[in-house]
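The structure appears right after this line, and notes come after that.
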Amino acid sequence: MRAIIFDWGGTLTPFHDIDLLDLWRAAAEVLAPDRVDEVSQALARAEAQWWQQAVASGRSGTTADVLAAAAEATGFDVDAALHDRALAAHLEAWTPHTIADPQAAPLLTALRERGIRTGLLSNTHWPRAWHERWLARDGLLELLDARTYTSDLAHLKPHPEAFRAAMEATAADGEPLRPEQVVFVGDRPLDDISGAQAFGMRTVLLPGSLRASTVNPDNAVPDHPVEPDLRAAGLGDVLTAVDAWRRS
Ligand SMILES: [Mg+2]
């Protein structure tokens with residue numbers, strides 16, 4: 001066991017059960033101040049469709065794809081400057097919902113003290129810069145040897161190429177990792193656990209923060225029949241499991 005790779009939302013960061021439409025309103029206010037309701041709904045719909053297609057096809061993309069789809073649906077023009085301002089407003093609205101689990105930094109520190117490489121693999125259309133700003137704010141950036149975002153890749157989890165990219169990024173220079181030397185920790189049975197298992201990694205399933213949603217059923221993490229190596233109650237259980245695996 002030489003490396004551990006974490007999912008982000010619902011794993012290192014508890015996700016909140018929030019109405020995504022509200023978060024798109026900030027972008028709509030920049031893009032079309034006189035059509036905020038219509039445009040924010042188009043953006044939320046475009047994002048939901050983006051995720052459905054991405055999951056069905058395994059193909060990744062960026063937030064720009066979501067904006068472009070909403071622009072096409074509603075007929076508004078998005079020039080580069082407006083696009084950047086709208087995206088910034090949307091991601092700013094997300095900021096309070098991106099606070100790391102307080103157990104994340106002590107866990108990553110303890111793993112590194114054991115000489116274990118640490119990595120992140122997030123299914124996301126958001127740009128790297130925003131993820132890294134949030135990680136730096138919470139003191140996690142320096143504790144993760146590698147951060148892999150599917151917005152920079154062609155594929156999402158559970159596609160094996162996403163896990164391969166994260167594993168290669170997490171390896172130390174000149175010391176390539178094999179899947180069986182890596183533990184993957186995530187909250188989604190299909191994307192995280194099934195995907196990592198099929199790639200040959202050991203897996204830890206966390207209960208996550210969105211097993212069910214009272215705000216929008218689309219927020220909830222779908223179930224999927226899979227047996228992880230460990231069902232943990234929280235991040236606090238991960239170190240105990242890692243120590244046991246290293247002794248065995
Ligand atoms: Mg997650």
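Worth pointing out:
- Inter-residue pairs, beta-carbon under 6 Å, first under 21 Å from residue 104 (Cα atoms) and within 11 Å of the ligand (Cβ to nearest atom) and in region 183-203, second of a type in the set (Gly, Ala, Ser) and at pLDDT below 95, 6+ apart: 187/10; 187/208
- Boolean, residue 10 is at pLDDT below 95, more than 16 Å from the ligand (Cβ to nearest atom) and either under 30 Å from residue 172 (Cα atoms) or of a type in the set (Asp, Glu) (or both): no
- Selection from region 29-57 of residues that are assigned to a helix (DSSP H, G or I), hydrophobic (A, V, I, L, M, F, W, C), buried (at least 17 other Cβ atoms within 10 Å of the Cβ) and touching a residue at least 24 places away in the same chain (Cβ under 8 Å): 30, 31, 39, 42, 43, 44, 46, 50, 54
- If the condition is being among the aliphatic types (A, V, I, L, M) and within 20 Å of residue 13 (Cβ to Cβ), then region 190-228 contributes 190, 193, 196, 204, 205, 206, 210, 212, 215, 220, 221.
- Count of residues meeting criterion [more than 17 Å from the chain's Cα centre (by Cα), touching a residue at least 12 places away in the same chain (Cβ under 8 Å) and not in a helix (DSSP H, G or I)] in region 63-101: 2
- Residues that are closer than 20 Å to residue 206 by Cβ and polar (S, T, N, Q), drawn from region 166-184: 170
- Here residue 73 fulfils each of the conditions (1) at pLDDT 90 or above; (2) under 19 Å from residue 34 (Cβ atoms) apart from (1).
- Taking region 4-28 as the range and being part of a strand (DSSP E or B) and buried (at least 23 other Cβ atoms within 10 Å of the Cβ) as the test, the residues that pass are 4, 5, 6, 13.
- Selection within region 107-161 - of a type in the set (Gly, Ala, Ser) and more than 16 Å from the ligand (Cβ to nearest atom): 110, 115, 129, 136, 139, 146, 154
- Counted residues, region 204-230 - those being loosely packed, with under 15 Cβ neighbours inside 10 Å, away from the ligand (no atom under 15 Å from the Cβ) and either closer than 24 Å to residue 159 by Cβ or at pLDDT 80 or above (or both): 2
The values are calculated or read from the model by the stated rules, or taken from the named source; none is laboratory data. A quick note: this is a predicted structure, and the numbers were derived from the prediction, not measured. Cβ coordinates were reconstructed from backbone atoms using ideal geometry, including for glycine residues, and neighbour counts include every protein chain displayed.
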